[in-house]
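Before any comments, here is the structure.
The values are calculated or read from the model by the stated rules, or taken from the named source; none is laboratory data. Everything quoted here is computed from the prediction, not taken from an experiment. So basically every Cβ, Gly included, is an ideal-geometry build from the backbone, and we count neighbours across all protein chains shown. All accessible areas refer to the heavy atoms of the entire protein, side chains included, with ligands and DNA or RNA removed. Shrake-Rupley method; radii C 1.70, N 1.55, O 1.52, S 1.80 Å.
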Amino acid sequence: RKVCVHAFIGKLKDGSIATYQTLPWDHFGWHAGGAANATHTSFEICEDGLDDKKYFLAVYKEATELCAYLCKLYKLDPLKDGVIIGHYEGYKRGVASNHGDPIHWFSKFGKSMDTFRKDVKALMESSSKPPTSASSGKKPMYRVRKSWADSKSQIGAFTVLNNAKKKVDSQPGYSVFD
């Protein structure tokens, strides 16, 4: 497929939930099917059968932590109009193709994009620290790059150190950075 989001959130082989970064945050993606490719960072929350509340709450939490981290990093207010949008909201704005995510899943568990944005804001306010590897909640972010200064070489960002180490083992010339 000729699409790429910046990250995926989902279940790893060991059952833990993680964010797997596929593009540098500051790189244009090809995810929205419209102008949002050049204005928004994107991630996909990997769906299950859409009926497992425990899984939903875990990936929802991971997604709010990722958005809080990115909003702090780029000094964005998640409650400001257009900062955090679902794909369907992008379609309504004319900047994305016609998809219903994530509202079709969020609504099954009493969530909406408005509650999501509020939850991101609450996470940001719970810590006044500037973004660091641990600013996305209790989990640090381990980045796999050729060097810390070479952010464009990044091939992954992990909340589980062992997963970052496994990625480095398969990619000569890369290291893990906290």
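Charge dipole of region 23-120 (Cα centre as origin; +1 on each Lys and Arg Cβ, -1 on each Asp and Glu Cβ, all else neutral): 300 debye, rounded to the nearest 20. Using heavy atoms of the protein chains and a probe of 1.4 Å, the accessible area assigned to Tyr55 is about 20 Å². Straight-line cross-link partners of Lys167 among the lysines, defined as a Cα under 28 Å from its Cα and at least 8 positions apart when in the same chain: Lys2, Lys11, Lys13, Lys54, Lys61, Lys72, Lys138, Lys139, Lys146, Lys152.
Computed in the context of the full set of protein chains, the accessible area of region 2-86 at 1.4 Å probe radius has 60% of its extent on carbon or sulfur. The listed residues Thr115, Thr19, once ranked by accessible area (1.4 Å probe) with the largest placed first, stand as Thr115, Thr19.
Taking a straight Cα-Cα cut-off under 19 Å and skipping sequence neighbours fewer than 8 places away in the same chain, the aspartates and glutamates within cross-link reach of Lys108 are Glu44, Glu47, Asp48, Asp51, Asp52, Glu62, Glu89, Asp119. For the set Ile103, Ile45, the ranking by accessible area, highest first and with no ligand, DNA or RNA atoms included, is Ile103, Ile45 under a 1.4 Å probe. With contacts taken as Cα pairs under 8 Å and at least 6 residues apart, region 41-172 reaches a relative contact order of 19 percent.
Highest GNM mean-square fluctuation among Ala96, Ala68, Ala157, for the chain modelled with Cα contacts below 10 Å: Ala96.
Could you report the chain's accessible area per residue, 1.4 Å probe, as an integer in Å²?
Each residue of the chain exposes 56 Å² on average to a 1.4 Å probe.
Order Leu123, Leu70 by their accessible area, 1.4 angstrom probe, all chains in place, largest first.
Of Leu123, Leu70, the descending order of accessible area is Leu123, Leu70.
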